[in-house]
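Reviewing the structure listed below.
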Amino acid sequence: MTNYVTQQHHEAAVAALKRMISKNSALSDAAPGAPFGKGVRSALDEMMAICAELGFKTYEDPDGYYGYAEVGEGKDIFGLIGHVDVVPAGDPADWDTDPFTATVKDGKIIGRGAQDDKGPSIAALFAVKALMDAGVHFKERVRFIFGTDEETLWRGIAVYNQKEEPITHGIAPDAEFPVTYAEKGLQQSYLVGPGSTELTVDAKSAFNAVPAKAFYNGPKLADVKAALDDFGFKYETTGDGITVLGKSVHAMLAPQGTNAVLRLGMALSKVFPDNDQLGFIGKLFKEDATGTNVLGDVKDEASGHLTFNISSLEINAKETRMQIDIRIPVTVDHDKLIDQLSKKVTEYGLTYAHFDYLAPLYVPEDSELVKTLMRVYKTLTGDDTQPQVSGGATYARTMNQCVAFGAMLPGVPDFMHQVNEQWELESMYKAMDIYAEAVKEIVGD
């Protein structure tokens, strides 16, 4: 196989990634031309500028919902679908470096978006640029499509699909190698109940992240500390309150994390035993991130166990509210599952409220797309890892004949949604080689 990607492409890709990381593109208040905040629009503008500098034809939605860049000609479109938004960085003091000033250190690039999804998008972009520089002719249009609120409600990519022609096939560089040919269904919802005049809690986090911290400074603080001690849960005194400590991971990996909100909820339930809504966490759910205590053992042979993440707990005089993120195995009946959950939570004075649902993705393992991607991956890596099913949700499920493909290689530490998010440069460069060869195989003459 030809080695299309050169050191110059490596250096240019790192420089471009630094530009992208410098944009704080977490969701913020809407502004004219920036439906998800000025930071997201600035990141989209920057990505479009980078694509234009590389020689791509670009189009940016004037309302700020999406952008795309393409090269080549023909009726068919091979899509590479990424996103320019990121999850919030959290407290910058928890980072070793500024999350929005990319730092290259010890062979890694550090900054919010390095792994999710600015780094992989840039890697794929410069892989195609390497093919362009080598004179490869594309028999189809190669189109990079950039969404703007992938970490929340996917409204940007929905507008793209309403306005633009569909791709013929494609990949989403927003997961792990080799190929993710199926993705679990994703249900995000609220559990809502009556408020309390006895205590106030304001522990919030993103739907799709296991919360690493949960702050409390309400009544019976000493009793809450004692309950945390009884459970053996870690916390630290912060000003006039306490911060319960956990370990953040992506919600699809919830059993691998330590949920600070759940730990706070368990302690509060012990101190306030008559609060039924807290009892849902403290007496029923506890720390079971598979949801077995609530729904039973939900799994299938194709995609494994269900995961269940409670990412926030808010209690005030008006209401009690929890955010939940459920990743549903691909063959499980969604409607029956939600009906079961809705009935169960009523036992704890809670009402189920729908927020967003993404149906599962499935592209057969024996499809030409999956077989080609797997052949390229195995040839370049020597790795025999089989195609995967994921609890994650990528833009692949919004497009025709599209699968998640990379960019994280097996064994690469997962820093997505975490402090000190980083990507090893050698891993990034290997991903560029894989993307270049894959695109060449699929759409190159």
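For the stretch 327-383, a/c is not less than 1.5, where a ≥ b ≥ c are the root eigenvalues of the C-alpha gyration tensor, and a/b tops b/c. That puts it in the prolate class. Peptide packing for 272-279, 135-142 was compared via the average number of neighbouring C-beta atoms within 10 Å per residue; ordered from the highest value, the list is 272-279, 135-142.
What pairs from Lys184/Lys378; Lys23/Lys139; Lys118/Lys430; Lys213/Lys270; Lys38/Lys213; Lys234/Lys344 go past 23 Å between their alpha carbons?
Lys184/Lys378; Lys23/Lys139; Lys38/Lys213; Lys234/Lys344
Our helix-only sum for the chain, with -39,500 (n - 2.57) per DSSP H run of n ≥ 4 divided by its residues, gives a mean residue ellipticity at 222 nm of -9000 deg cm²/dmol. Counting only protein heavy atoms and using a 1.4 Å probe, what share of the accessible area of the chain belongs to carbon plus sulfur, as a whole percent? The value for the chain is 47 percent carbon and sulfur by accessible area. Amide hydrogen proximity for Leu409: with H placed 1.01 Å from N in the peptide plane, the residues at 5 or more positions away or on another chain lying under 5 Å are Phe177. Amide hydrogen proximity for Ala172: with H placed 1.01 Å from N in the peptide plane, the residues at 5 or more positions away or on another chain lying under 5 Å are Ile81, Val403, Ala404, Phe405.
Is the stretch 95-213 rounded, prolate or oblate when judged by the Cα gyration tensor, a ≥ b ≥ c being the square roots of its eigenvalues, rounded requiring a/c under 1.5 and prolate requiring a/b larger than b/c? It is oblate, given that a/c is not under 1.5 and a/b is not larger than b/c. 3J(HN,Hα) along the stretch 295-306: 10, x, 7, 9, 6, 9, 5, 6, 9, x, 7, 5 Hz, from the Karplus curve 6.51 cos²θ - 1.76 cosθ + 1.60 with θ = phi - 60°, whole Hz, x for Gly and Pro.
For the stretch 103-145 and the stretch 163-182, what is the centre-to-centre distance using only Cα atoms, to the nearest Å? If you average the Cα positions of each part, the centres end up 15 Å apart. Fully extending the segment from Lys378 to Ala158, taken as 0.36 nm per residue of separation minus the present Cα-Cα distance, adds 75.8 nm. With the convex hull constructed from alpha-carbon coordinates only, the chain shows a mean projected area of 21.1 nm² over all directions. Sequence-ordered 3J(HN,Hα) estimates for the stretch 90-106 from the Karplus curve with 6.51, -1.76 and 1.60 and θ = phi - 60° stand at x, 6, x, 5, 7, 8, 7, 9, 5, x, 10, 10, 4, 10, 9, 8, 6 Hz, glycine and proline given as x. Under 18 Å of direct C-alpha separation, and excluding same-chain neighbours fewer than eight residues apart, Lys371 reaches these lysines: Lys440. I need the shape label for the stretch 355-440. Rule: rounded when a/c is under 1.5, else prolate if a/b > b/c, else oblate, with a, b, c from the alpha carbon gyration tensor. Taking the square roots of the gyration eigenvalues as a ≥ b ≥ c, the stretch 355-440 is oblate. Potential lengthening of the chain between Phe355 and Asn400 amounts to 13.7 nm, from the contour at 0.36 nm per residue minus the alpha-carbon distance. Axis angle, to the nearest 10 degrees, between helix 7-21 and the longest C-alpha principal axis of the chain: 40 degrees. Between the C-alpha center of the stretch 37-51 and that of the stretch 324-357 there is a gap of 36 Å.
The values are calculated or read from the model by the stated rules, or taken from the named source; none is laboratory data. Keep in mind the model is a prediction, meaning the values are calculated, not measured. Using ideal geometry, Cβ is built from the backbone for each residue, glycine included, and neighbour counts are taken over all protein chains shown. For the accessible areas, the whole protein counts, side chains as well, though only heavy atoms, and no ligand, DNA or RNA atoms are used. Shrake-Rupley method; radii C 1.70, N 1.55, O 1.52, S 1.80 Å.
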